[in-house]
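J.: Starting off with a structure, shown below.
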Amino acid sequence: MSNDAIVQGFDDERDDSLRITLDTLADVENGIIIYLNGYIDTYNSSVFQKRIQKVVEAGYINLVFNCSSLNYVSSTGIGSFTAFLKMVKAKSGDIVLLDIQPKVYELFQLLGFSQFFNIRATITEAVAVFLSGASNENNVFPKVFGCPVCSKRLKATKAGRFRCSECKSIFSVDQAGQVFLG
């Protein structure tokens, strides 16, 4: 199925640095998977925003961005994702970032945006976010703990890699809330 068959006029405007493919998400009401291939920066973010706005205007408010082939996102690109989140939340929708590349995920973390997004590893986990109405939390999070290096009190809202605001050490928090260096 072509992009234009899913969202009329979606392919009217394109940018070769970011290829976007759409696929409906059958198990989720008003759900769509948006496959991103390339990069998002200052130069192509406006085209990216216009295209995703068409998706939301077409009635899709539960968006899964498959980021497995997205190899770079600038701060402007992250701003685009934030704008989409506000757009769909206003319509009782949500966003899941799926299979995000480590270097892209690290940027989301360093800028403090990873706590606002549902970031999942598999499509099954992404669908579960919409079906359960779950957001970034589970019963372990938020987790308050001491930095393993300097003991500064920190809070993790979800599993992932983090940097201590005091000593700048990098550590991980797993799904069970256990803290590890590195």
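J.: On the given criteria, is GLU166 out of contact with any His (no Cβ under 9 Å at 6 or more places or on another chain), part of a loop (DSSP other than H, G, I, E, B), open to solvent by 50 Å² or more (accessible area, probe 1.4 Å) and more than 30 Å from GLU29 (Cα to Cα)? First the steps, then the outcome.
T.: Working: out of contact with any His (no Cβ under 9 Å at 6 or more places or on another chain): yes; part of a loop (DSSP other than H, G, I, E, B): yes; open to solvent by 50 Å² or more (accessible area, probe 1.4 Å): yes; more than 30 Å from GLU29 (Cα to Cα): yes.
Against the criterion (out of contact with any His (no Cβ under 9 Å at 6 or more places or on another chain), part of a loop (DSSP other than H, G, I, E, B), open to solvent by 50 Å² or more (accessible area, probe 1.4 Å) and more than 30 Å from GLU29 (Cα to Cα)), GLU166 qualifies.
J.: Moving on. Please find, among ASP4, ASP23, ASP41, the residue that is loosely packed, with under 14 Cβ neighbours inside 10 Å, of a type in the set (D, E, K, R) and free of Cβ contacts under 8 Å to residues at least 60 places away in the same chain. Walk me through it before giving the result.
T.: Details: ASP23 fails: loosely packed, with under 14 Cβ neighbours inside 10 Å; ASP41 fails: loosely packed, with under 14 Cβ neighbours inside 10 Å.
Every option except ASP4 fails the conditions.
J.: Let me ask another. If we scan segment 5-25, do we find a residue that is closer than 20 Å to VAL129 by Cβ and not in a strand (DSSP E or B)?
T.: Within segment 5-25, one or more residues are closer than 20 Å to VAL129 by Cβ and not in a strand (DSSP E or B).
J.: Hey, among the residues in segment 58-73 that are open to solvent by 10 Å² or more (accessible area, probe 1.4 Å) and not aliphatic (A, V, I, L, M), which one's nearest to PHE130 (Cα to Cα)?
T.: Among those that are open to solvent by 10 Å² or more (accessible area, probe 1.4 Å) and not aliphatic (A, V, I, L, M), it is ASN62.
J.: Has segment 56-64 got at least one residue that is farther than 20 Å from SER92 by Cα and modelled with pLDDT of 90 or more?
T.: Looking for residues that are farther than 20 Å from SER92 by Cα and modelled with pLDDT of 90 or more, one finds none in segment 56-64, hence no.
J.: State all residues of segment 83-132 that are within 16 Å of ILE61 (Cα to Cα), part of a helix (DSSP H, G or I) and open to solvent by 30 Å² or more (accessible area, probe 1.4 Å); if no residue qualifies, say none.
T.: Residues satisfying the conditions are ALA83, LYS86, MET87, LYS89, ALA128, PHE130, LEU131, SER132.
J.: Yes or no: segment 142-155 includes at least one residue that is under 15 Å from PHE116 (Cα atoms), in a strand (DSSP E or B), within 19 Å of the chain's Cα centre (by Cα) and modelled with pLDDT of 80 or more.
T.: Filtering segment 142-155 down to residues under 15 Å from PHE116 (Cα atoms) leaves 142, 155.
Narrowing the set further to residues that are in a strand (DSSP E or B) leaves 155.
Next cut, within 19 Å of the chain's Cα centre (by Cα) only: none.
Among the residues of segment 142-155, not one is under 15 Å from PHE116 (Cα atoms), in a strand (DSSP E or B), within 19 Å of the chain's Cα centre (by Cα) and modelled with pLDDT of 80 or more, which makes the answer no.
J.: Could you tell me whether VAL55 is outside any strand (DSSP E or B), open to solvent by less than 20 Å² (accessible area, probe 1.4 Å), of a type in the set (Val, Ile, Thr) and within 19 Å of LEU22 (Cβ to Cβ)?
T.: Yes.
J.: So, of the residues in segment 75-104 that are among the small types (Gly, Ala, Ser) and in contact with a helix residue (DSSP H, G or I) (Cβ under 7 Å, 6 or more places away or on another chain), which turns out to be farthest from ASN30 (Cα to Cα)? Outline the logic, then answer.
T.: Filtering segment 75-104 down to residues among the small types (Gly, Ala, Ser) leaves 75, 77, 79-80, 83, 90, 92-93.
Cutting the leftovers down to in contact with a helix residue (DSSP H, G or I) (Cβ under 7 Å, 6 or more places away or on another chain) gives us 77, 80, 83.
Details: GLY77: 24, SER80: 20, ALA83: 19 Å.
Per the stated criteria, the residue is GLY77.
J.: Six or more apart or on different chains, Cβ under 8 Å: which pairs go from a residue in segment 78-101 that's charged (D, E, K, R) to one that's open to solvent by less than 10 Å² (accessible area, probe 1.4 Å) and modelled with pLDDT of 90 or more? Could you list them?
T.: LYS91/VAL56; ASP94/LEU63; ASP94/VAL88; ASP99/CYS67
J.: When you scan segment 26-36, how many residues do you find that are under 13 Å from ASN3 (Cβ atoms) and open to solvent by 60 Å² or more (accessible area, probe 1.4 Å)?
T.: Number of matching residues: 1.
The values are calculated or read from the model by the stated rules, or taken from the named source; none is laboratory data. Since we're looking at a predicted model, the values are computed, not measured. As a convention, Cβ positions derive from the backbone with ideal geometry for all residues, glycine included, and neighbour counts pool all protein chains shown. Please note that ligands, DNA and RNA were not included when accessible areas were found on the heavy atoms of the full protein model with its side chains. Shrake-Rupley method; radii C 1.70, N 1.55, O 1.52, S 1.80 Å.
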